[in-house]
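Quick notes on the structure that follows.
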Amino acid sequence: MEMPDGGYVIVERDGVAIHLCEDGNRTAVGVHIFCEGLEAMLEAFMGRGALITQVIERKPWGNREFRVKDLFGNEGKFAEAVDQLWRS
């Protein structure tokens, strides 16, 4: 799947999806990981002193997600699909 503006692409195979995107932040690497138990995962990151750049938010495309950054500028986005429409 590719967005019309070309700035976001999803490659999926065997139940694993890799989201590739360009963003204004120009992070070193960005990883988008779908998971369950988002609150517990966020608490674990916070308990270890991670730099949380976005707390859990519900997005218009049907996900709840939060973001964390490491010391090198790499960003991880952890998401939980809320709407059945977005689940595989």
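The values are calculated or read from the model by the stated rules, or taken from the named source; none is laboratory data. Note that the structure is a prediction, hence the values are computed from the model and not measured. So basically every Cβ, Gly included, is an ideal-geometry build from the backbone, and we count neighbours across all protein chains shown.
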Query raised in the report: Taking the condition outside any loop (DSSP other than H, G, I, E, B), out of contact with any helix residue (DSSP H, G or I) (no Cβ under 7 Å at 6 or more places or on another chain) and at pLDDT 90 or above, does Glu80 pass?
Result: no
Requested in this report: Scan segment 51-68 for residues that are in a strand (DSSP E or B) and either closer than 17 Å to Gly30 by Cβ or touching a His at 6+ places or on another chain (Cβ under 6 Å) (or both) and report the count.
Outcome: 10
Report task. Six or more apart or on different chains, Cβ under 8 Å: which pairs go from a residue in segment 34-45 that's in a helix (DSSP H, G or I) to one that's modelled with pLDDT under 90? Could you list them? Result -> Met41/Cys35
Query - Neighbours by Cβ (under 7 Å, 6+ apart or cross-chain): first from segment 48-71, surrounded by 10 or more Cβ atoms within 10 Å (Cβ to Cβ); second in a loop (DSSP other than H, G, I, E, B) - result: Arg58/Val82; Gly62/Val82; Gly62/Asp83; Asn63/Val82; Arg64/Val82; Glu65/Lys59; Val68/Ala50
